[in-house]
């Protein structure tokens, strides 16, 4: 296509598919994606060049004998390779299956087993990977019956290409499969259609971030196999022809300062990250950085993917205020893979929405009540209101809608809702269903498994009823930790509970275990070492209890949530067992000083941007 004036492109309405979104900006030469390599060297692809590269890549994929609807597993570590291959697969009518690459060259057998499971569930016919990773992935090919081949991305465009033409897609076509972590059970592939992608991306671009052609530069280090990075920074920018700079994720892991350094160098205006990334940026910035960086153009940095600590947000703002960072830059948000990505955004540029409430009324009855001056208070971070044409409801234990200021399970409905789980009808029916039977309302709601409440229309996330543990932006099912600990000499098997607690910078892991009589003196150290060795997780605290002291149901099942509540309240195990200070803070100042009480925002949360359930 010929070069076009960006101002002549009509971006005022949502397209039908993601491919249509890219097609209508495919003549723009002065906006596009910049990819940084491991040496921080930039490569710019205009939207016109991106269309050409994706078209070539799509025809090359079809040249491997694939047909419309076939799944393609993608294990790619470099953003440039990932983006072009992903968009190329969409243009070709194929269904990409983004997968995480191995984080290191240790424990490769376990990685291969995980890859086999995901590829088998997806029924993928082809793996596209880096040359450096091909030797690892080749061992997967003979283990999956549907796989026909593996192709190295560096050679993909050099091989045989389909003569075309590329297919015409519809809104109902499946765009890609977003797999959940599957650390203790078979992974589930969320079916993301073009329809739900368009609905969610359009809402993010217009209502959530207010993108305008030529006015924003997005910067992202987020992994692209994760929907927060993929949908938020690869797909959404296509709807408004937004410029994006991609940092390799491992570059951020090795040198967190590269995030804000890149924001400075490329005059970035928006980004996103989990809570721990804000803490890292605050900690790692040197005085030289603070004297050099200009962050005055930044208008929002969304926070999601794990619980939000208000203290971390405020320290981030304070640390970089001298660089021109505005107080309203941190923007809490809430979402998950089953909702395509985002469900709500706090207003751009607004003061951090922290709500203080009476701890006794909330813990005991799930009621949101203003605290008295002498009462214990809990702090929660608000994540805004749902997008237009979308709904967030709070359900009681019978699945009926509650009013405002009552805690219950969060449910979500609207055009961003995905189609369910790939070839898993039972799992789909469990969480995608109408609120009640027989009332004539057939609206399908997503039962998120999260706990929260609505206050003045805004959603506040208070916990995870499914016990999922999120550490440094990654999901961990407690069973995998508990099973590892149960094998240690001195621990009573079947009597271990793992959960997270709010930390100063991010969530921290706690392990509680009942012990046999006369346990080894170094049992706490042994538990921490075992979890670190087997799961590469740091344990912040280990609590040892006598037999029968863990909370259980009448049928003998462990109660993780109650164990966590007792731990936070310093009541775990009863008399004679070490307790910790109660969560919350004593309100001893006038209410007009409440804004200063953000410290120890203990349970402030938002699992945002794809925390798969």
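The values are calculated or read from the model by the stated rules, or taken from the named source; none is laboratory data. Since we're looking at a predicted model, the values are computed, not measured. For neighbour counting, all protein chains shown are included, and Cβ atoms are generated from backbone atoms with ideal geometry for every residue, glycine included.
Take the conditions surrounded by fewer than 19 Cβ atoms within 10 Å (Cβ to Cβ) and under 25 Å from the mean Cα position of the chain (by Cα) and apply them to residue 124. Does it pass?
No: the conditions fail for residue 124.
The residue of the range 501-519 that is farthest from residue 281 (Cα to Cα), among those that are in contact (Cβ under 8 Å) with a residue 60 or more places away in the chain and under 22 Å from the mean Cα position of the chain (by Cα), is 501.
Does the range 221-236 include one or more residues that are in contact with a helix residue (DSSP H, G or I) (Cβ under 8 Å, 6 or more places away or on another chain) and farther than 20 Å from residue 100 by Cβ? Yes, some residue in the range 221-236 is in contact with a helix residue (DSSP H, G or I) (Cβ under 8 Å, 6 or more places away or on another chain) and farther than 20 Å from residue 100 by Cβ.
Within the range 520-535, residues that are over 21 Å from residue 470 (Cβ atoms) have Cβ atoms under 7 Å from residues that are modelled with pLDDT of 90 or more and surrounded by fewer than 14 Cβ atoms within 10 Å (Cβ to Cβ) in these pairs: 520/489, counting only partners at least 6 apart in sequence or on another chain.
Looking at the range 195-202, can you tell me whether even one residue there is on the phi < 0 side of the Ramachandran plot, outside any helix (DSSP H, G or I) and surrounded by 13 or more Cβ atoms within 10 Å (Cβ to Cβ)? It would help to see each step written out before you state the result.
Within the range 195-202, the first condition is being on the phi < 0 side of the Ramachandran plot, and the residues that meet it are 195-202.
In the following step, the residues that additionally are outside any helix (DSSP H, G or I) were identified as none.
Taking every residue of the range 195-202 in turn, none turns out to be on the phi < 0 side of the Ramachandran plot, outside any helix (DSSP H, G or I) and surrounded by 13 or more Cβ atoms within 10 Å (Cβ to Cβ).
Going residue by residue through the range 47-56, is there one that turns out to be assigned to a loop (DSSP other than H, G, I, E, B) and more than 19 Å from residue 214 (Cβ to Cβ)? No, the range 47-56 has no match at all. Of the residues making up the range 523-550, those that are part of a loop (DSSP other than H, G, I, E, B) and touching a helix residue (DSSP H, G or I) at 6+ places or on another chain (Cβ under 9 Å) are 537, 538, 550.
Applying the criterion of at least 3 residues that are at pLDDT below 95 to the strands (runs of 3 or more DSSP E) found wholly in the range 253-364 leaves 354-358.
For residue 43, state whether it is part of a strand (DSSP E or B) and either assigned by TED's automatic domain parsing to the domain that holds residue 138 or within 28 Å of residue 193 (Cβ to Cβ) (or both). Before the answer, list the steps.
Working: part of a strand (DSSP E or B): yes; either assigned by TED's automatic domain parsing to the domain that holds residue 138 or within 28 Å of residue 193 (Cβ to Cβ) (or both): yes.
Considered against the rule, which asks whether it is part of a strand (DSSP E or B) and either assigned by TED's automatic domain parsing to the domain that holds residue 138 or within 28 Å of residue 193 (Cβ to Cβ) (or both), residue 43 comes out as yes.
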